[in-house]
Amino acid sequence: MSQSFSRGLLILDMFTQERRTINLEEISSELDISPITAYRYVKVLNDAGILRFHDGQVSLSAKILRFVHLFMEQDKLTEIAKGPVSQLSMDLNETVALCQFEAPDVVCTYRMESSSPLRTSFSIGQRMSIYAGAFSRAIIAFLPAQERNSVIRQTKISSYTEHTIANLEVYLERLSQIRQDGYDTSNQEVDPGIYAMAVPIFVSNRVVGCLGIAIPSARYTESRGPELLAKLQQASAHISSTMQSSDLLFS
């Protein structure tokens, strides 16, 4: 039963922004199971209303939205950050995202996209390696040392592009620099042609997430840096203050 459940979750994890449908052959190959076994797993999820299976193609059903909304309603940080994220995205006309740490990765839990035709594709639920880019490092750098070191030891270094920091010594030095600066930036480390900047969000002196902006490199100039950082820090401080007040109110 546990293996079946695990494989069912792996099938759901195969869907991405770029990969919205899959087929039995792909499931069979990637999970190293027979097509018949793949069909059985898909049928169970289809009968449960989680997946749709039609003409050999497998896709997510609308029922998934129920879980998305439940998460956003019960996750206090996401609920509080919605307003500031949306406002910041409108002010800058760039993609702004809220991310949180879910070991062993960093996950985007909310985002608003730019309305510009040239924009980044950054999806809610997207998982990122702790080594890859500003969004991840802006959180990992500020974890308690023991927790941070434990996660790093258990995580395999992943390179998304030639610019990803994939050297442990360089990575640790970068985390130290982030703790001094209070923010991080990355350029084409996760996706080619994308510049990112992120700042941590603290509640009671503990990092609970990060707020970041992703911009096509063609639209980013160094002169924008100070403005972007100031606005990110202002929004982060507002979220932190609201979270702190909320904790005191309901404690």
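List the residues of the stretch 21-47 whose backbone N lies under 13 Å from a point placed 7 Å from the Cα of Ser123 along the Cα-to-Cβ direction.
Those under the cut-off are 21-22.
Over the Cα atoms of the stretch 111-251, compute the convex hull volume and normalise it per residue, giving Å³.
Details: hull volume 18.3 nm³, N = 141.
Given the Cα convex hull of the stretch 111-251, per-residue volume reads 130 Å³.
For the pair Thr221 and Ser6, what calculated FRET efficiency results from E = 1/(1 + (r/R0)^6), where r is the Cβ-Cβ distance and R0 = 41 Å, to the nearest 0.05?
Numbers: r = 47 Å, r/R0 = 1.14.
E(calc), rounded to 0.05, equals 0.30.
Can you give me the relative contact order of the stretch 68-250 as a percent, contacts being Cα pairs under 8 Å and 6 or more apart? Walk me through the numbers before you get to the answer.
Values: 334 pairs, mean separation 40.3, N = 183.
That works out to 22 percent.
What's the extension gain from Leu168 to Arg153 if we count 0.36 nm per residue and subtract their Cα-Cα distance?
Values: separation 15, 0.36 × 15 = 5.40 nm, distance 1.00 nm.
So the extension gain works out to 4.4 nm.
Among Val44, Val208, Val151, which one shows the biggest mean-square fluctuation in a GNM of the chain, springs joining Cα atoms closer than 10 Å?
Checking each option, the largest mean-square fluctuation is seen for Val44.
For each of Leu60, Leu88, count neighbouring Cβ atoms within 10 Å of the residue's Cβ, then give the residues from fewest to most. Don't skip to the answer; put the middle values down first.
On the way: Leu60 15, Leu88 22.
Fewest-to-most ranking of Leu60, Leu88: Leu60, Leu88.
Just to confirm the number: angle between the C-alpha axis of helix 76-92 and the first principal axis of the chain, 0 to 90 degrees, nearest 10?
Approximately 70 degrees, to the nearest 10.
Would you mind checking the tilt of helix 168-181 against the longest principal axis of the Cα atoms of the chain, expressed as 0 to 90 degrees and rounded to 10?
50
Which net charge results for the neighbourhood of Phe53, defined as the other residues with beta-carbon distances under 10 angstrom from its beta-carbon, given Lys and Arg at +1 and Asp and Glu at -1? Walk me through the intermediate numbers first.
Working: positive: Lys43, Arg52; negative: Asp47, Asp55.
With Lys, Arg at +1 and Asp, Glu at -1, the neighbours total 0.
Please get the size of the charge dipole for the stretch 2-61, origin at its Cα centre, with Cβ charges of +1 on Lys and Arg and -1 on Asp and Glu, quoted in debye to the nearest 20.
Numbers: 6 positive and 8 negative charges, 42 e Å.
Computed about the Cα centre, the dipole is about 200 debye.
Please identify which residues in the stretch 16-33 have an amide N closer than 19 Å to a label point set 7 Å out from the Cα of Gln57, following the Cα→Cβ vector.
Flagged as within label range: 16-28.
Find how much the distance from Glu25 to Asp91 grows on full extension, using 0.36 nm per residue of separation minus their present alpha carbon separation; answer in nm with one decimal. Mind dumping the intermediate values first?
Working: separation 66, 0.36 × 66 = 23.76 nm, distance 4.53 nm.
Gain on stretching Glu25 to Asp91: 19.2 nm.
None of the figures in this text is laboratory data; all of them are computed from the coordinates on show. Given the structure is predicted, the values throughout are model-derived calculations rather than measurements. FYI the Cβ positions are ideal-geometry reconstructions off the backbone, even for glycines, and counts take in every protein chain you see.
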